[in-house]
Structures are given as structure tokens and as C-alpha cells.
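**Student:** The structure that follows is given in the form of C-alpha cells.
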Amino acid sequence: MNKEQKPEIIKPDGATYTIYKYNKLDSTNAFLKQHCLTLPDFSAIWANEQTHGRGRFDRVWNSVPGQDLTFSLMLPLTSLEQKLRQNITQIAALSVAQLLEGYGLKPYVKWPNDVLIQGKKISGILCEIAESNENVYGILGIGFNVNSMGKSLSCIDIPATSFRCELHHTVERLELLKKLLEIIINCFNVLRQSGFTHNRLEIKKRLAFINEQIIFTDVKRDAYSGKIIDLNDDGTLLFECEKHGIISLNSGEIAFTQIERFCPPE
Ligand code: BTN
């Protein structure tokens, strides 16, 4: 299905990125992984519709064709220090949060890859690594609920919202995408030039659930209750675990069952 399509190519004057807009792809992450060798750095693959959108932990990512944003951005990681590569997901979440703030909204980052507004998910990020010959690429996939509303959001098995629900009007997706790509590339340049310090402080300001009782599930799906104390210098979470004491978490996720209890400070 992917092969026959010719994308619309959008490259605004002076932009570092190029957008390739497709009508229908299985998954923009899967597509970009297959084609990263033939595409320039900072290529963004945008699909109006995904037939097999994927999230973390093999979940399905559903979005409404023509309404939401589903895209993947290719980041050149070959010369990026190994330890900074794990921070890519978080800087993407920060970028989405900063974009939303530009519209007067108050987003929170649910470590490491979700962006929430009043406890409801508006965006999720799936970052994968592709390696070819000597080169390493970050495939940064972002799903963003933009103009979907009502039933399509309530069908999602976690509390969800969209830009339109929050702003009470529709939003032009291309404009949003261009702004978001600028912010991500800017944060990425800060990361490669001066490390994680600056981005870390910005994420910390927006970190959801800090000092709140939460349930954390690790990659083996084992659950632990405890409190997030801090975001460590390297982007791992400092967690006060009821069972194991103070530990650092570098993967896994905060369970969504606790979201209803999340009250952002006034
Ligand atoms: C998550 O919340 O677990 C991450 C969701 C990531 C979804 C995006 S949509 C664009 C890109 N293509 C995919 O198949 N997945 C990501």
C-alpha cells in the first residue's frame, strides 16, 4: 500500500525540515525506518491516515483520519553522545508541551512520553532507533489529538482530550506541525550542543505527579507503588518505591489508573 503513493512535499523557506505528506500509511514510524537511508536528516513523514499506528508496549495508536496528526521525524543521532539518546523522547514531550503553552494551555509531561492536559492524554510519543551502516537515526513518532472529538476520544481506553476540545475551535494541522517541528529541532540542537541540563529543567517544571502517590509499571509489567521525587540529571526518574526504597527508573511507565487523582497546582 505504501509504495505507489507520491507524497506532497512541503519545505518552507529557511526550514531545516522537509515534510512528506502521505494520504495513507501503515505506520509513519515503520515507513520512516524503512526509508531513512534515502531521506535527508529532519525528514518528517506525515500520514493523513495510519492503518497500523503503534504506541509503546505494542499498543495500538488510533487517531481520526484527516482530523489528528500522526507523523514521524528523522533525527541524526550518529554524532550524539550515547547517553543523550535516551533523552529524545522527553525532549519531544517537552516540545509538544511548549507548543500547547503557546495556545494558552497548561500541559504536563507524564514521564517519559505522554503529554496531558488536566489529566487527559493529548499526545503520545514513540521513539525508535534505526541503525544502518555507520549511521544511527532517531525515529521520533508523535500522535497528537488535534481536531477529533466526542466518541472517537471516549473510545480510547484512557482519559483523552484534543486541541479542539481544549480550545473550542478547530486547528489547522499543517500550521501546528510546522510550529512543532521548529520547536523539536530547536530542543534537539540544544541537546546536542549543550547536553540535557537545560531541557531537563524545562521538563521538570512541567512534570506530572511529582511527590504524588502513583503506580509505576516496569517493562516486565511488574507494578510498584511510590512517589516520584525528582527528574535526575540524566533524565531517569528518582522514585521512592514502597518496596525497594529510593531507586532510579529508566524505562516503564506511570499507570493511567492514577490519573483521576492528578490535580495540577493552581
Ligand atoms: C504512545 O502513546 O504509546 C505513543 C504513541 C505514538 C503514536 C505515533 S503516531 C505516529 C507514529 N507512528 C506510529 O505508528 N506511532 C507513532
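The values are calculated or read from the model by the stated rules, or taken from the named source; none is laboratory data. This is a predicted model, so every value here is computed, not measured. Methodologically, a virtual Cβ is constructed for each residue, glycine included, from the backbone with ideal geometry; neighbour enumeration extends over all protein chains shown. Heads up: the accessible areas ignore ligands, DNA and RNA and are worked out on the full protein's heavy atoms, side chains in. Shrake-Rupley method; radii C 1.70, N 1.55, O 1.52, S 1.80 Å.
**Student:** If you project the alpha carbons of region 86-127 onto the principal axes, what extent comes out on each, in Å, largest first?
**Tutor:** Ordered largest first, region 86-127 gives principal extents of 29, 18, 11 Å.
**Student:** Which of the aspartates and glutamates could be linked to Lys151 by a straight reach, that is with a Cα gap under 16 Å, when you skip same-chain ones fewer than 8 residues away?
**Tutor:** Candidates past the 8-residue exclusion: Asp68, Glu166.
**Student:** Here's something else I'd like to know. Counting residues in the chain as N, plug N into 2.2 N^0.38 Å and put the Cα Rg over that result.
**Tutor:** 0.97
**Student:** Where only protein heavy atoms count, and the probe is 1.4 Å, what is the accessible area per residue for the chain in Å²?
**Tutor:** Spelled out: the 1.4 Å probe surface of the chain, per residue, equals 47 Å².
**Student:** Given 20 °C and 1.002 mPa s, compute D for region 125-266 with the Stokes-Einstein relation, Rh being the Kirkwood radius over Cα pairs; round to the nearest whole µm²/s.
**Tutor:** 120
**Student:** Here's something else I'd like to know. For the chain, which whole percent of the accessible surface, found with a 1.4 angstrom probe, sits on carbon and sulfur atoms?
**Tutor:** Details: 6020 of 12630 Å².
C and S fraction of accessible area: 48 percent.
**Student:** Taking loop as defined by DSSP and a crowding limit of 13 other beta carbons within 10 Å, which GluC sites (Glu not before Pro) in region 225-254 fit? Write down the numbers at each step before the final one.
**Tutor:** Numbers: sites: Glu240, Glu242, Glu253; in loops: Glu242.
Sparse-neighbourhood loop GluC sites (Glu not before Pro): Glu242.
**Student:** Using the Cα centre of region 114-243 as the reference point, and only Cβ charges (+1 on K/R, -1 on D/E), how large is the resulting charge dipole? Debye, rounded to the nearest 20.
**Tutor:** The dipole magnitude comes to about 460 debye.
**Student:** Over the chain, with a Gaussian network built from C-alpha contacts below 10 Å, which listed residue (Val190, Val60, Val109) shows the highest mean-square fluctuation?
**Tutor:** The residue with the greatest mean-square fluctuation here is Val60.
**Student:** A further question follows. Give the value in nm², to one decimal: projected area of the alpha carbon convex hull of region 1-126, averaged over all directions.
**Tutor:** Values: hull surface 36.0 nm².
Here the figure is 9.0 nm², rounded to one decimal.
**Student:** Another one. Which of Lys110/Lys204; Lys204/Lys227; Lys110/Lys178 have a Cα-Cα distance over 18 Å?
**Tutor:** As for pairs spanning more than 18 Å Cα to Cα, those are Lys110/Lys178.
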